[in-house]
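The values are calculated or read from the model by the stated rules, or taken from the named source; none is laboratory data. Quantities reported herein were computed from a predicted structural model and do not represent experimental measurements. Quick reminder, even Gly has a Cβ in these numbers, built from the backbone with ideal geometry, and neighbours come from all protein chains shown. Ligands, DNA and RNA are excluded from the accessible area calculation, which covers all protein heavy atoms including side chains. Shrake-Rupley method; radii C 1.70, N 1.55, O 1.52, S 1.80 Å.
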There are 2 protein chains.
Amino acid sequence: MQHIENDPAYSGLTVNSGVAQPPVVNPYLKPRRRKPLPSASEMVEGILKGDVTTLSRAVTLVESLSPAHQAVAQEIIEKCLPYSGNSRRIGITGVPGAGKSTSIDVFGLHVLNKGGKLAVLAIDPSSERTKGSILGDKTRMEKLSTHPGAFIRPSPSAGSLGGVARKTRETIVLCEAAGYDNIFVETVGVGQSETAVHSMVDFFLLIQLAGTGDELQGIKRGIMEMADGIVINKADGDNIDRARLAQAQFRSALHLFPTPESGWSPEVLTYSGYYELGIPEVWDMIDRYFDFVKANGFFDRKRAGQARYWMYETIDEQLRNNFYRNPQVEQRLASLEQQVLSNTRSSFTAARDILDFYASLR
Amino acid sequence: MQHIENDPAYSGLTVNSGVAQPPVVNPYLKPRRRKPLPSASEMVEGILKGDVTTLSRAVTLVESLSPAHQAVAQEIIEKCLPYSGNSRRIGITGVPGAGKSTSIDVFGLHVLNKGGKLAVLAIDPSSERTKGSILGDKTRMEKLSTHPGAFIRPSPSAGSLGGVARKTRETIVLCEAAGYDNIFVETVGVGQSETAVHSMVDFFLLIQLAGTGDELQGIKRGIMEMADGIVINKADGDNIDRARLAQAQFRSALHLFPTPESGWSPEVLTYSGYYELGIPEVWDMIDRYFDFVKANGFFDRKRAGQARYWMYETIDEQLRNNFYRNPQVEQRLASLEQQVLSNTRSSFTAARDILDFYASLR
């Protein structure tokens, strides 16, 4: 795995768009030989052949903030779209310490041993702050990082959650077009990002540890109800009894929830990532889930709903950005917020005030 | 309780705004004698004196769709705002059949017997469709409906959830200014409205019945984690054992959730609304909650956060409305959505297309 965004050859990524642009030259640096980027069509061709270097380059374009790169990236995505969709998209979450990396490593190897290819992506909007907190360190996935069938890509560097999620979703399209038939999307179980991941995967796996109440502080409320499967890690040695108890507790808790829309009753299993125990059982569950939702039509319904969701989510985010990033709006809003917080202005007249102001700006 | 919105005297509600406006006269109808509405200041005076008729009229203005009424309503709300906030706002939810009405009736009477006044409001965005489904029929609350200290108001008639919730939140301000020191906000536990109610109350009470899994189908996922207290109704006669079992199950499930931000561990109690058993215990729990969150500062933090939330929520809703209610946008969006659903267009380029189109309209 190469971290292409840190590769100097890409630091000035130029696009062969047909329009010649004068390069920005720093006279104190020796000019670097720069491999020109292939055209969108050439890249699509490479992706469809499963060429990993081309795939990596395309993902780098997707993640680029440059409008020129974005334009090429969008062209590539549109062209890959008809070849996408043929994968199992699996979201994996769990608090730090639950053993996500080791688990993904062994789950991933199990999947690869059954044939096919695996892409491991991640969503962590905080990745700039805590550089390398998630998938940043490829040594965390020893087995997968050297496996020819695995493509590992860290979280796009920080931005709004919406932006990071969009890039990951677009990367899924490219990976699928390149023939990756299993996609893992990893996320940390502590923020808003689970909702984003949940909205782009078919199956949502929650990794838990034995423990109750305070020990689970880290995990966000509501995540348990999103899970299609809960797996309790570190069910080994002295810990087996605790893991089994946790399993019983989670099972009993899930009974109190209504059956999800999928009609699938989430299962609770125990395993050990470190000792590689119970891995096939976890994967059997996931296989059964896919059989189940493909048979009852939920699989397709969910995918269509997700595509629709991302369209509206993108629109809404942009509408908000246009508004909140307006410097005059920002300034006035700060003072209105103070009035609302001090109860001298109602939330609703404050909102009307700023909306009228915004309308007057245009 | 009068349903003023159905009172013919109010069907043409005119506002004494100082500006004379020619009335619209239908020559085939005899002119009705119409009591002119007092000015905003006069109404605020009446509200602060606790005059129920004035309060009802003001709420009717809040609920009115007429811009003239809305202007007066906003003036009244702003003037009442400094006198608001001195109540305990309690959200009450539960699936149909859980016995919400009977419970609110006995809980309400219990509260009133301790002194003070009680307003019972409701949020049910579907109320137009299922007229009278919630609080519509005052006979559902036998004891409260005849109690001089109770003010019962059905859900504002249908509209967007945001609109209905806004009106209820504004009504809370008016009720508090009128001296109601306990506010119940009832909602049905099946839709999006719980989130709205949760965002306007201090304490969120979930009424459950004994039963697991399929029997709880009706309740929305995620609601259990919003609850500050879960109370299991119909703990009487033959049903006591089942209710106690459910209590144990819910308690055990709650242990798997992290402690809420309030620091308060949600409690699970049993009671019988019909036989009026266990009512003081439920109320003691709520008293303890208020003592707890007032002592640790969460009460004020939550209220400030809610005021901020509603400001941003109102802004976002309006930004969306401006966009989605544009007829040209609506038309183009329908065709884009089809392309996204058929996987011929990515969610993101479809979003960009419609946003560019929207920008070109202005």
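Here are a few things to note about the model shown:
- Tally, over the stretch B:300-351, of residues that are hydroxyl-bearing (Ser, Thr, Tyr), farther than 20 Å from A:Asp356 by Cβ and touching a residue at least 24 places away in the same chain (Cβ under 8 Å): 1
- Any chance A:Pro260 is surrounded by 20 or more Cβ atoms within 10 Å (Cβ to Cβ) and either under 30 Å from A:Gly85 (Cβ atoms) or modelled with pLDDT under 90 (or both): no
- Criterion (touching a Ser or Thr at 6+ places or on another chain (Cβ under 9 Å), in a helix (DSSP H, G or I) and surrounded by fewer than 18 Cβ atoms within 10 Å (Cβ to Cβ)) met by exactly one of B:Arg320, B:Arg308, B:Arg332: B:Arg308
- Filter pass, A:Gln247 being within 12 Å of another protein chain (Cβ to nearest Cβ), among the polar types (S, T, N, Q) and either over 23 Å from A:Val106 (Cβ atoms) or open to solvent by 30 Å² or more (accessible area, probe 1.4 Å) (or both): no
- Test result for A:Val59, under 30 Å from A:Leu206 (Cα atoms) and in a helix (DSSP H, G or I): yes
- Residue count for the stretch B:62-86, restricted to those that are away from every other protein chain (no Cβ under 11 Å) and either touching a Ser or Thr at 6+ places or on another chain (Cβ under 6 Å) or in a helix (DSSP H, G or I) (or both): 5
- Residue in the stretch A:199-211 that is within 11 Å of another protein chain (Cβ to nearest Cβ), at pLDDT 90 or above, surrounded by fewer than 16 Cβ atoms within 10 Å (Cβ to Cβ) and closer than 28 Å to A:Phe299 by Cβ present: no
- The stretch A:250-297 - residue that is under 20 Å from A:Asn113 (Cα atoms) and assigned to a loop (DSSP other than H, G, I, E, B) and, of those, nearest to the other protein chains (Cβ to nearest Cβ): A:Tyr271
- If the condition is being at the interface with another protein chain (Cβ under 7 Å from one of its Cβ atoms) and of a type in the set (Asp, Glu), then the stretch B:325-359 contributes only B:Glu337.
Rundown of residues vs (1) at negative phi; (2) in contact with a helix residue (DSSP H, G or I) (Cβ under 8 Å, 6 or more places away or on another chain), yes/no style:
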{"residue": "B:Pro258", "(1), (2)": "yes, yes"}
{"residue": "B:Thr270", "(1), (2)": "yes, yes"}
{"residue": "B:Pro280", "(1), (2)": "yes, yes"}
{"residue": "B:Ala295", "(1), (2)": "yes, no"}
{"residue": "B:Glu313", "(1), (2)": "yes, yes"}
{"residue": "B:Asp316", "(1), (2)": "yes, yes"}
{"residue": "B:Gln331", "(1), (2)": "yes, no"}
{"residue": "B:Asn343", "(1), (2)": "no, yes"}
{"residue": "B:Thr349", "(1), (2)": "yes, yes"}
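- Scan of the stretch B:66-80 for residues that are open to solvent by 10 Å² or more (accessible area, probe 1.4 Å) and either under 30 Å from B:Val282 (Cα atoms) or touching a residue at least 40 places away in the same chain (Cβ under 8 Å) (or both), ordered by number: B:Ser66, B:Ala68, B:His69, B:Ala71, B:Val72
- Residue satisfying condition, being closer than 30 Å to B:Thr168 by Cα and out of contact with any Lys or Arg (no Cβ under 8 Å at 6 or more places or on another chain), within set A:Arg308, A:Arg345, A:Arg301: A:Arg345
- Look at the stretch B:113-128: where a residue is open to solvent by 40 Å² or more (accessible area, probe 1.4 Å) and a partner is at pLDDT below 90, sitting 6+ places away or on another chain with Cβ atoms under 8 Å, you get B:Glu128/B:Ser157; B:Glu128/B:Ala158.
- Any hit, the stretch A:92-114, residues being at pLDDT 90 or above and in a loop (DSSP other than H, G, I, E, B): yes
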